[in-house]
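To start, the structure itself, in structure tokens.
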There are 2 protein chains.
Amino acid sequence: MQHTSHIDALDQQILRVLTKDARTPYAEMAKKFGVSPGTIHVRVEKMRQSGVIEGTKVRINERKLGYDVCCFIGIILKSAKDYDTVIKKLQTFDEVVEAYYTTGNYSIFIKVMTHTIEELHGVLANKIQLIDEIQSTETLISMQNPILRDINP
Amino acid sequence: MQHTSHIDALDQQILRVLTKDARTPYAEMAKKFGVSPGTIHVRVEKMRQSGVIEGTKVRINERKLGYDVCCFIGIILKSAKDYDTVIKKLQTFDEVVEAYYTTGNYSIFIKVMTHTIEELHGVLANKIQLIDEIQSTETLISMQNPILRDINP
DNA sequence: CTTGAAACAAAGGCAAG
DNA sequence: CTTGCCTTTGTTTCAAG
């Protein structure tokens with residue numbers, strides 16, 4: 001399976017627009033890029049087929065929903081072989097929004113979002129640290145998120 | 001400024017659907033939730049006005065674009081007062097897709113995406129480590145990303 | 001606040017250049 | 001691969017419940 005798709009300049013321009021607003025009318029892009037709306041449609045459909053475009057989603061302001069706490073937790077496992085088990089358990093916690101398998105000090109690195117610091121403590125004490133296979137954790141609380149964007153295609 | 005908006009059960013259901021697919025027809029949601037398409041429209045518009053919904057975007061498969069390397073870098077500053085300066089400089093590097101101001105071992109914590117390990121080395125050596133105000137960095141390479149999702153509204 | 005119908009706009013399909 | 005037309009589908013508006 002070849003995993004790098006052929007993206008030309010037009011595809012790239014389309015992606016740049018759609019990563020900012022997935023509902024941009026094809027006619028608008030067509031005009032801007034000097035092609036017909038049909039062409040935009042064909043290109044988008046091709047990128048969807050090839051898997052470059054996986055779908056669309058609304059961007060939600062978590063703060064407005066009351067999610068004020070964002071943190072990263074480095075997890076050290078008792079044994080590397082427990083990786084899959086731990087991921088499965090982490091997956092059941094809605095507060096764990098991202099997980100990475102990493103080199104370096106930690107085996108697993110996760111991002112957690114909660115409404116309050118108290119809730120974060122709860123997630124740590126009553127959920128994460130109750131996972132048997134975890135030896136220890138280290139927490140980085142995020143106070144601010146000055147950069148959040150996508151790859152510039 | 002009150003920052004937690006009033007989200008009722010219907011709003012929540014709508015958000016759950018739209019975070020998975022921003023282009024779900026209003027008529028489809030209306031049928032599923034037992035209300036009229038007009039109501040869905042009103043609710044979505046209200047959440048857009050209040051800022052809960054910030055916009056829409058396509059989800060891109062970075063791997064298909066050749067971005068195979070994802071890593072986190074913990075940055076230690078020479079002096080905490082240089083925070084803004086450093087963020088501004090980081091912002092000019094497209095490869096830096098996220099940045100956080102954190103408590104703990106690092107002052108700034110960033111996520112970087114590149115095509116290859118060589119490119120990552122280049123970003124580190126020729127961009128990030130050339131920033132005067134940075135004292136040292138620590139890199140966590142992500143080998144896998146088993147969880148990636150949004151807050152469950 | 002919700003509804004349903006009517007007007008409008010965009011997307012999807014298709015045959016031809 | 002691109003285009004323009006045509007059909008279908010979805011969104012938006014609005015007067016009324």
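Under the condition of being within 13 Å of DNA strand D (Cβ to nearest atom), surrounded by fewer than 19 Cβ atoms within 10 Å (Cβ to Cβ) and within 30 Å of residue A:152 (Cβ to Cβ), the residues counted in the stretch B:43-53 number 2. In the stretch A:17-38, the residues that are within 21 Å of residue B:21 (Cβ to Cβ) form Cβ pairs under 8 Å with partners that are within 9 Å of DNA strand C (Cβ to nearest atom) and in a loop (DSSP other than H, G, I, E, B), at six or more places apart or across chains, as follows: A:17/A:24; A:18/A:24; A:22/B:23; A:23/B:23. Of B:126, B:152, all but one fail to be closer than 29 Å to residue B:22 by Cα and either surrounded by fewer than 13 Cβ atoms within 10 Å (Cβ to Cβ) or more than 20 Å from the chain's Cα centre (by Cα) (or both); the exception is B:152. Scanning the stretch A:100-144 for residues that are within 14 Å of chain B (Cβ to nearest Cβ), assigned to a strand (DSSP E or B) and free of Cβ contacts under 8 Å to residues at least 60 places away in the same chain turns up A:100, A:101, A:102, A:108, A:109, A:110, A:111, A:112, A:113, A:114, A:143, A:144.
Restrict the check to the stretch B:33-42 and report whether at least one residue is crowded, with 19+ Cβ neighbours inside 10 Å and within 20 Å of the chain's Cα centre (by Cα).
no
Across the stretch B:86-99, the qualifying residues are those that are of a type in the set (D, E, K, R) and outside any strand (DSSP E or B), and the one among them that is nearest to the other protein chains (Cβ to nearest Cβ) is B:94.
So that you can scan it fast, the table gives a plain yes or no per residue for (1) touching a Pro at 6+ places or on another chain (Cβ under 9 Å); (2) away from DNA strand D (no atom under 15 Å from the Cβ):
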| position | (1), (2) |
| --- | --- |
| A:9 | no, no |
| A:30 | yes, no |
| A:33 | no, no |
| A:39 | no, no |
| A:55 | no, no |
| A:71 | no, yes |
| A:79 | no, yes |
| A:91 | yes, yes |
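The requirement of being more than 10 Å from chain A (Cβ to nearest Cβ) and β-branched (Val, Ile, Thr) is not satisfied by residue B:44.
For residue B:29, the conditions (1) surrounded by 20 or more Cβ atoms within 10 Å (Cβ to Cβ); (2) in the same structural domain as residue B:122 (by TED's automatic domain parsing) all hold with the exception of (2). Of the helices (runs of 4 or more DSSP H) lying entirely inside the stretch A:1-77, those containing at least 2 residues that are more than 30 Å from residue A:90 (Cα to Cα) and away from DNA strand C (no atom under 15 Å from the Cβ) are A:9-20.
Among residues of the stretch B:66-94 that are without any contact (Cβ under 8 Å) to a residue 40 or more places away in the chain, those with a beta-carbon under 8 Å from a residue that is in a loop (DSSP other than H, G, I, E, B) and crowded, with 21+ Cβ neighbours inside 10 Å at least six positions away or on a different chain give the pairs B:80/B:107; B:83/B:107. When each of A:84, A:94, A:132 is tested for being under 19 Å from the mean Cα position of the chain (by Cα), among the acidic types (Asp, Glu) and surrounded by fewer than 17 Cβ atoms within 10 Å (Cβ to Cβ), the lone residue that passes is A:94.
The values are calculated or read from the model by the stated rules, or taken from the named source; none is laboratory data. Just so we're clear, the structure is a prediction, and the values are computed from it rather than from any experiment. Neighbour counts run over all protein chains shown; Cβ positions are idealised from the backbone, glycine included.
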